[in-house]
Amino acid sequence: MYHWFKIYDSLEALKNNITLGKTVVFNFKGEKICIAHTADGIFAVQDKCPHNGASLGSGFCTEENEIVCPIHRYKFNLKSGKATAGSGYALNTFPIEEKSNGVFVGIKAKWWEL
């Protein structure tokens, strides 16, 4: 079960506000989420780099559909969340859904919220 949070009124509004190759960070229920717009689509991952805690929203996206940490240049696949350069680190990923009334990001409900 997910809590769904509206991030934009439409996919067009999202693409106008998050240009190709860029990111925006949202904070929902105490969870900072980095929304990235790449040629492969729109992705949502945790904002905090698991290596050293830097904000991935301050990093950049590559043409290989990766997000790169601004401090140590760790790279993560935006679709899977897995590190792409040998480390065992991984990011939490979040589903994105386009609905008739907007674009939403889903955050998994905690067991006590079910």
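Every number here is computed from the coordinates shown, using simple stated rules; none is lab data. Remember, predicted model here, so these are calculated numbers, not experimental data. Because the Cβ atoms are built from the backbone with ideal geometry, glycine has one as well, and the counts that use them run over all protein chains shown.
Between Asn101, Asn92, Asn77, the residue with the greatest mean-square fluctuation in the GNM of the chain (Cα pairs under 10 Å linked by springs) is Asn101. Exposed loop positions in the chain were taken to be trypsin sites (Lys or Arg not before Pro) whose DSSP state is not H, G, I, E or B and which have at most 14 other beta-carbon atoms within 10 angstrom. Between these positions, the longest stretch is 30-72. How big is D for region 2-109, in µm² s⁻¹ as a whole number, if Stokes-Einstein is applied with the Kirkwood radius of its Cα pairs at 10 °C and 1.306 mPa s? The diffusion coefficient I find is 116 µm²/s. Could you please report the charge total around Leu78, scoring K, R as +1 and D, E as -1 over all other residues with beta-carbon less than 14 angstrom from its beta-carbon? Residues close to Leu78 contribute a combined charge of -1. Under 5 Å from the amide H of Thr84 lie the amide H atoms of Lys75, Phe76, Asn77, each residue being 5 or more positions distant or on a separate chain, with H modelled from the backbone and absent for Pro and chain starts.
Taking Cβ atoms as reference points and 13 Å as the exclusive limit, the residues near Ser100 contribute a net charge of -1, counting Lys and Arg as +1 and Asp and Glu as -1.
Using the Cβ-Cβ distance between Glu113 and Glu63 with R0 = 30 Å, the FRET efficiency computed as 1/(1 + (r/R0)^6) comes to roughly 0.20.
Does region 7-68 come out rounded, prolate or oblate by the C-alpha gyration tensor, with a ≥ b ≥ c the root eigenvalues, rounded set by a/c under 1.5 and, if not, prolate when a/b is larger than b/c and oblate if not? Oblate, because a/c is 1.5 or more while a/b does not exceed b/c. Note: relative contact order over the chain, using C-alpha pairs below 8 Å and six or more positions apart, is 28 percent.
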